[in-house]
Amino acid sequence: GLLAPPAVDDVMWPLCFISDRLFKVPEDGGGDGPGAPLPPDGRIPLARRSYFIDVPHVQQAFTWDCGLACVLMVLRTLGLDCCHGIAELEKLCRTTSVWTVDLAYLLHKFSVNFSFFTVTIGANPQYSAETFYREQLQEDIDRVDELFGKALDAGISIQIHQCV
């Protein structure tokens, strides 16, 4: 069945906190290990930013569910055994036209701390040239724009970055 939403008092753990505990980087004696304090300039040393993590592969079932497969890989990598497959994530999205903002809401639902960077707030109308989006783009624009509009109130921070 569908998963219950997390309790209001659940804690959202930053991904770096989880990865520091799950994927220990061996101490090199130079003070750059996961437990070392941050330098005064606040920059995280490369040894603390780089991890190699085995990610369990999840095969897409359709051409449109690549994002759902990626979310499921993230959840399984973090040890969150919260859904049995892509079909459950699809039910939570309630659409087969999955946009990146839909994935952000899924990650947030499972209390995964993440950063969402985009160059376009809302659905990009230029996708009307793509066969996949052509038939339902107007519905997608309305739905996706609404999700972007409600994101901050839902606890999802979206940062805009310009392409250079």
* Counting only the heavy atoms of the protein chains, how much of LYS91 is accessible to a 1.4 Å probe, in Å² to the nearest 10? -> 130
* To do: With a 1.4 Å probe and every protein chain left in place, tell me how much accessible area ARG76 has, in Å² to the nearest 10.
  => 100
* When the Cα centres of region 145-161 and region 59-105 are compared, how far apart do they sit, in Å? -> 19
* Sorting HIS161, HIS108 by accessible area (1.4 Å probe), largest first, what list results? -> HIS161, HIS108
* 5 angstrom amide H check on PHE116, placed H, neighbours 5+ away -> GLN159
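The values are calculated or read from the model by the stated rules, or taken from the named source; none is laboratory data. What you see is a predicted model; the values in this text were computed from it and never measured. Only protein heavy atoms, including side chains, enter the accessible area calculation; ligands, DNA and RNA are left aside. Shrake-Rupley method; radii C 1.70, N 1.55, O 1.52, S 1.80 Å.
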